[in-house]
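Data first, discussion second: the structure below is written as structure tokens.
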Amino acid sequence: MSDPVLTSRAGSVLTITLNRPDKLNALDASVHSGLRAALTEAEDPEVRAVVLTGTGRGFCVGQDLNEFADTPDIRDALRGRYHPNILAIRTLEKPVLAAVNGVAAGAGLSLACACDVRIASADATFVPGFIGIGLVPDAGGAYFLERLLGAPRAFELMASGRRLTAQEALEWGLVSEVVEAERFEARIGELAGLWSAAPTRGIALTKRLFDEAERSTLQETLQLEAELQAEATSTADFAEGVAAFLEKRSPNFSGR
Ligand code: LHQ
């Protein structure tokens with residue numbers, strides 16, 4: 001049996017691929033634990049950008065509904081399997097790109113939304129999933145979608161079960177780019193390369209700042225900006241960025 005989650009490196013980019021194509025990469029216990037291991041590997045300081053994608057025509061269709069029958073307590077399943085991976089993506093100190101190659105449904109949609117940037121193949125579709133089987137969003141779906149779309153649109157999407165095409169997802173602001181299927185892999189490689197050559201510490205601090213800003217007052221945000229800016233100015237990349245500017249050349253960031 002092939003690994004349910006694959007990892008591969010290209011330079012300082014780590015690609016994590018959910019790999020149950022026959023089930024459109026539905027999340028069973030083996031995918032959860034494989035994803036956990038892959039996100040731990042992503043903490044390697046040599047990794048400066050992470051791509052999350054799926055094999056075949058699915059990105060991820062959420063909970064494996066065959067396995068759900070063996071789940072005695074949904075709260076335990078969510079806390080034990082879903083929450084650690086969602087939180088690992090949010091606290092990972094580098095950019096995580098969701099390369100949405102195909103259908104994203106239910107907790108698979110939440111997983112894409114937990115990432116920092118979403119790029120969709122023109123073949124991708126976005127399926128709320130949950131309400132189709134009488135459930136509420138989970139795996140952070142309510143949190144992320146409310147922030148990405150605003151409450152009225154997030155509610156309409158998740159309570160109606162309406163499916164979005166990749167183009168609609170772009171118009172709604174759910175993804176930042178749609179790429180023709182034939183060019184998708186190359187474009188993801190290009191974007192991941194750009195992110196991995198950027199000032200990684202500055203990106204990590206920006207990620208933290210925006211996550212905090214969601215629930216902070218202006219005063220708290222100003223305070224945190226000052227703290228994180230002090231940290232950013234102590235990085236090698238800040239020194240390099242300023243030197244490159246003054247010397248009128250392109251910066252060569254090291255991620256430190
Ligand atoms: C699947 C799945 C799937 C297993 C397709 N499971 N096999 C819930 C409860 C508990 C704990 C925590 O969290 C959650 C959160 C959730 O994620 S709830 C939402 C779960 N997801 C869904 O409800 C989506 C269910 N899938 C679909 O509606 C369709 O498959 C979509 C619209 C995603 C794709 O449709 P098609 O393109 O027509 O593909 P298909 O339906 O033919 O699926 C292909 C295969 O994948 C098929 O297997 P088979 O052996 O029959 O060929 C499906 O059974 C399997 N598959 N989703 N979630």
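Only the coordinates and a few stated rules stand behind these numbers; no lab work does. Since we're looking at a predicted model, the values are computed, not measured. When we count neighbours, we look across all protein chains shown, and the Cβ atoms used for this are built from the backbone with ideal geometry, even at glycine.
Taking the Cα centre of the chain as origin and charging only Cβ (+1 Lys, Arg; -1 Asp, Glu), how large is the dipole, in debye to the nearest 20?
For this selection, approximately 180 debye.
Take every Cα-Cα distance within the stretch 147-256, group them into 10 Å bins from 0 onward, and report for each bin the whole-number percent of pairs it holds.
12, 26, 30, 25, 7, 1
Which order do the peptides 246-255, 193-202 come out in when sorted by mean C-beta neighbours inside 10 angstrom, highest first?
Ranked from most to least packed, the peptides come out as 193-202, 246-255.
Straight-line reach from residue 207: which lysines have a Cα under 26 Å away, not including same-chain ones fewer than 8 places off?
Counting by Cα, and skipping residues close in sequence, residue 207 has these lysines nearby: 94.
Of 148, 135, 111, which is farthest on the positive side of the dipole of the stretch 86-195, counting Cα position, with +1 on Lys and Arg Cβ, -1 on Asp and Glu Cβ, and the Cα centre as origin?
Checking the options against the dipole of the stretch 86-195, the answer is 135.
Provide, in order from the shortest bin, the percent of all Cα-Cα pairs of the chain in each 5 Å bin, continuing until the bin that contains the maximum pair distance.
Calculated P(r), rounded to whole percents: 1, 6, 13, 17, 18, 17, 12, 8, 5, 2, 1, 0, 0.
Assign one of three labels to the stretch 5-117, namely rounded, prolate or oblate, based on the Cα gyration tensor with a ≥ b ≥ c the square roots of its eigenvalues; rounded applies when a/c is under 1.5, prolate when it is not and a/b is larger than b/c, and oblate otherwise.
Taking the square roots of the gyration eigenvalues as a ≥ b ≥ c, the stretch 5-117 is prolate.
Looking at the chain, send over the antiparallel percent of its DSSP beta bridges, to the nearest 5.
In the chain, approximately 30 percent of DSSP beta bridges are antiparallel ones.
Along the Cα-to-Cβ line of residue 249, 7 Å from the Cα, sits a label point; which residues in the stretch 193-216 have backbone N less than 19 Å from it?
Answer for this model: 197-199.
Based on the Cβ-Cβ distance from residue 242 to residue 208, what FRET efficiency comes out when R0 is 22 Å, to the nearest 0.05?
0.50
If you split all Cα-Cα distances of the stretch 129-201 into 10 Å bins from zero, what percentages do you get per bin, shortest first?
The calculated distribution, bin by bin, is 17, 37, 30, 16, 1.
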